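Novice: Below you'll find the structure I mean.
Derivation of every value follows stated rules applied to the coordinates shown; laboratory data play no part. The structure presented is a predicted model; accordingly, all values stated were derived computationally and were not measured. Note: ideal-geometry Cβ built from the backbone for every residue, glycine included; neighbour counts use all protein chains shown.
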Ligand code: PLP
């Protein structure tokens, strides 16, 4: 079989056997190195997607590869019934590098947000407000996941409509609108959830004043403030955590995408006060925080949190923005974002440009219909 025949065969299998929830382009990726991916026919693609903000260290990072080889000969899974070194050491490292006091691991971003909602609901329950304090406030253009709970907090008609009725007592308030937030958050609010920089919604940053207002309102009404840093966290925006620049800290922060460099993991980082209300049996997961995935996450976290690494993200992010702003096109209306989380808003649907990129050997992804999103591996250099 030629590589072309093999490619056609794989595409046929995909079309015949996978549930068609993704429209995949007509090539089959086979390997990668650094910021480049290669398809089965040997074509090279510069990757500006990084598995949608996942592969922070690109492909075939030598430290990740070595750690994986070492971990593969050890324990892969033992259950959360038991202790292993990697999950404890990763939790300690996350706590040391953040506002948090404790960590609960999950397997994905949606699952981390599901857990965060449960933690917040348990907080209200343990204070004696079982039924009165169940409202969750989220914001316009938010994306928190695809499970029934998290899709309820993702106010996009296309994602929600076929799955109604969704989770009860969710209120959608306008992103960055201080007065609107003041009108909806009250004693009935159990939690407020926000992405400090919205990803899927089109790369929109929350202002520091807005985050501070949410912090103040949550303090005033005894509600839990959740920052969803599943996409914007872990160095992507030029600080280890995206919320750092605002000076506002949450009660819970959720992480996922880049944490284990491409292996599935999520994490719920919490204050001691939140941790204290969660008792044995209140939440759990079969796979989460297993020794293989957490040992790799520790390697990724150690690398990404180095000051030199973060400085590199800032330098390349600034350079990227600068070069993008030199493109003189009436079709571009705004270039926004921070670090290597950049959105290029256009007057047109960007999807034909994504397809053009495939032809030219550049992988790109949209964030909404008219925003091109650049979330490359954080290791890219000026030449890329
Ligand atoms: N939260 C944010 C901000 C995201 O961008 C995503 C995924 O894109 C999720 C949650 C859901 O993560 P997952 O796809 O791992 O469930």
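Novice: Could you give the semi-axes, largest first, of the ellipsoid that matches the range 94-142, computed as the square roots of 5 times the alpha carbon gyration tensor eigenvalues and rounded to whole Å?
Specialist: So the three semi-axes of the range 94-142 are 22, 16, 11 Å.
Novice: In addition: Arranged from highest to lowest average of other beta-carbon atoms within 10 Å per residue, in what order do the peptides 104-113, 357-366 appear?
Specialist: Values: 104-113: 25.1, 357-366: 16.7.
Order by mean packing, descending: 104-113, 357-366.
Novice: If you average the sequence gap of Cα pairs under 8 Å that are 6 or more apart and divide by the length of the range 284-384, what percent do you get for the contact order? Walk me through the numbers before you get to the answer.
Specialist: Values: 102 pairs, mean separation 22.2, N = 101.
In percent, rounded to a whole number, it is 22.
Novice: At a Förster radius of 30 Å, what calculated FRET efficiency corresponds to the Cβ-Cβ distance of residue 20 and residue 69, to the nearest 0.05?
Specialist: On the way: r = 36 Å, r/R0 = 1.19.
With R0 = 30 Å, the Cβ-Cβ based efficiency is 0.25.
Novice: Could you compute how fast the range 171-279 diffuses translationally, taking Rh as the Kirkwood radius over C-alpha pairs and applying Stokes-Einstein at 25 °C with viscosity 0.890 mPa s? Give it in µm² per second.
Specialist: Diffusion coefficient, whole number: 170 µm²/s.
Novice: Where does helix 62-72 land angle-wise versus the long Cα axis of the chain, in degrees 0 to 90, nearest 10?
Specialist: Value to nearest ten degrees: 70.
Novice: While we're here: How much of the calculated P(r) for the range 17-140 lies past 24 Å, in percent of all Cα pairs?
Specialist: That tail contains 56 percent of the Cα-Cα pairs.
Novice: How far, in degrees from 0 to 90, does helix 208-221 lean away from the longest principal axis of the Cα atoms of the chain, to the nearest 10?
Specialist: Its long axis makes an angle of about 30 degrees.
Novice: Once both axes come from the Cα atoms, what is the angle between helix 109-126 and the longest principal axis of the chain, in degrees from 0 to 90, rounded to 10?
Specialist: With both axes taken from Cα atoms, the answer is about 0 degrees.
Novice: What does the convex hull of the Cα atoms of the range 243-349 come to per residue, in Å³, rounded to a whole number? Please list the in-between numbers first.
Specialist: Working: hull volume 18.0 nm³, N = 107.
Roughly 168 Å³ of hull volume per residue.
Novice: Let me ask you something else. Over the range 153-266, what is the relative contact order in percent, taking alpha-carbon pairs closer than 8 angstrom and at least six residues apart?
Specialist: Across the range 153-266, relative contact order equals 21 percent.
Novice: Counting other C-beta atoms within 10 Å, which of 218, 232, 138 has the fewest, and how do the rest follow?
Specialist: On the way: 218 20, 232 29, 138 26.
Ascending Cβ contact count within 10 Å gives the list 218, 138, 232.
Novice: Can you check how the C-alpha radius of gyration of the range 210-257 compares to 2.2 N^0.38 Å, as a plain ratio?
Specialist: Compared with the compact-globule rule of thumb, the range 210-257 sits at 1.15.
Novice: So, R0 is 22 Å and r is the distance between the beta-carbons of residue 8 and residue 356; what FRET efficiency does that work out to, to 0.05? Mind dumping the intermediate values first?
Specialist: Working: r = 22 Å, r/R0 = 1.01.
Efficiency at R0 = 22 Å is approximately 0.50.
Novice: If you take the Cα Rg of the range 120-246 and divide it by 2.2 N^0.38 Å, with N the number of residues, what do you get?
Specialist: Its radius of gyration relative to the 2.2 N^0.38 Å reference: 1.03.
Novice: When averaged across all projection directions, what area in nm² does the alpha-carbon convex hull of the chain cover?
Specialist: Here the figure is 20.0 nm², rounded to one decimal.
Novice: Between the range 1-64 and the range 109-181, what is the C-alpha centre distance in whole Å?
Specialist: 34 Å
Novice: Roughly speaking, what is the stretch gain from residue 30 to residue 208, that is 0.36 nm per residue apart minus the C-alpha to C-alpha distance, in nm to one decimal?
Specialist: 59.9 nm
Novice: Compute the distribution of all C-alpha to C-alpha distances in the range 127-185, in bins of 5 Å from 0, and list the percent of pairs in each, rounded to whole numbers.
Specialist: So the P(r) values, bin by bin, are 4, 19, 26, 22, 17, 11, 2, 0.
Novice: Another question about this same structure. If you build a Gaussian network model of the chain, linking Cα atoms that sit under 10 Å apart, which residue out of 225, 37, 18 swings the most?
Specialist: Checking each option, the largest mean-square fluctuation is seen for 18.
Novice: Also: Could you rank the peptides 202-210, 75-83 by their average count of other C-beta atoms within 10 Å per residue, with the highest value first?
Specialist: 202-210, 75-83
Novice: Kindly state, to the nearest 0.05, the FRET efficiency for residue 382 paired with residue 279, given R0 = 41 Å and r defined as their beta-carbon distance.
Specialist: Computed FRET efficiency for residue 382 and residue 279: 0.20.
Novice: Restricting attention to the alpha-carbon atoms of the range 309-371, what are Rg (one decimal) and Dmax (integer), both in Å?
Specialist: 12.4, 35
Novice: Using Cα pairs closer than 8 Å and at least 6 residues apart in sequence, work out the relative contact order for the chain, in percent.
Specialist: It comes to 23 percent, rounded to a whole number.
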